[in-house]
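The values are calculated or read from the model by the stated rules, or taken from the named source; none is laboratory data. What you are looking at is a predicted structure, and each value in this text was computed from that prediction instead of being measured. Ideal geometry is used to build each Cβ from the backbone, glycine not excepted, and the neighbour counts take in all protein chains shown. Accessible surface areas use protein heavy atoms only, side chains included; no ligands, DNA or RNA. Shrake-Rupley method; radii C 1.70, N 1.55, O 1.52, S 1.80 Å.
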Amino acid sequence: MSDPAFFGYGSLVNLATHDYVDPRPATLYGWRRVWRKTTLRDAAFLSVERDPDSHIDGVIATVRGGSWAALDAREAAYAKVDVTAALGAAHTTVVYRVIDSLTTERGGHILLSYLDVVVQGLLRMHGPQGVARFFASTHGWDTPVRDDRAAPQYPRSQTLRAAEVALVDACLATRVQMPE
């Protein structure tokens, strides 16, 4: 039996945040990214939802031995959805999606340290075009962004090069307004 895999579209695209094997660029058709506010915390989660007219860049990586425990713990606010057919994958592949019962319309913000991790991963996996597609196609940019770079709140934050910071800031400036 072959090992299953996951499709990552947020922080999992950044290979510095995990050690899953055989990571490779992939595109998931019929889905789009969206920022989701939840009852679990003030920081918004990046999630996906079905949209037949959309597609998203990401990464596929193998979960050796089908041992999901560590990844399920990391993605505790998410449920696994089988996307094997949508990816045309040879082995079972899932995507993590925020659990609907946890979502709310109130409050919430996007952590800049989290956004930095996502963009850095997309830049390395899909290049500048992948970053541009992320900002253009992700829904929910009306959610405020909290600049926590000086003291990152995201537990898997990464150090960005100056050019990466400039890219995030330039792309973000076209999508949302930073609170004063």
In region 6-25, anything crowded, with 23+ Cβ neighbours inside 10 Å and in a strand (DSSP E or B) is listed as Phe6, Phe7, Gly8
Flagged pairs (Cβ under 7 angstrom, 6 or more apart or on separate chains; first in region 100-116, closer than 12 Å to Gln153 by Cβ; second crowded, with 17+ Cβ neighbours inside 10 Å and among the aromatic types (Phe, Trp, Tyr)) are Ile110/Trp35; Leu111/Tyr154; Ser113/Tyr154; Tyr114/Tyr154
Of the residues in region 102-154 that are among the charged types (D, E, K, R) and open to solvent by 40 Å² or more (accessible area, probe 1.4 Å), the one that is nearest to Gly8 (Cα to Cα) is Arg124
For Glu75, the lone unmet condition from (1) of a type in the set (D, E, K, R); (2) under 26 Å from Cys171 (Cβ atoms); (3) open to solvent by 30 Å² or more (accessible area, probe 1.4 Å) is (3)
Within region 127-150, of all residues that are in contact (Cβ under 8 Å) with a residue 60 or more places away in the chain and assigned to a helix (DSSP H, G or I), the one nearest to Ile110 (Cα to Cα) is Phe134
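Among the candidates Val83, Val176, which residue alone is modelled with pLDDT under 95 and open to solvent by less than 60 Å² (accessible area, probe 1.4 Å)? Walk me through it before giving the result.
On the way: Val83 fails: modelled with pLDDT under 95.
Val176 is the lone residue from the list that is modelled with pLDDT under 95 and open to solvent by less than 60 Å² (accessible area, probe 1.4 Å).
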When region 39-59 is checked residue by residue, the ones that are hydroxyl-bearing (Ser, Thr, Tyr) and either open to solvent by 10 Å² or more (accessible area, probe 1.4 Å) or free of Cβ contacts under 8 Å to residues at least 24 places away in the same chain (or both) are Thr39, Ser54
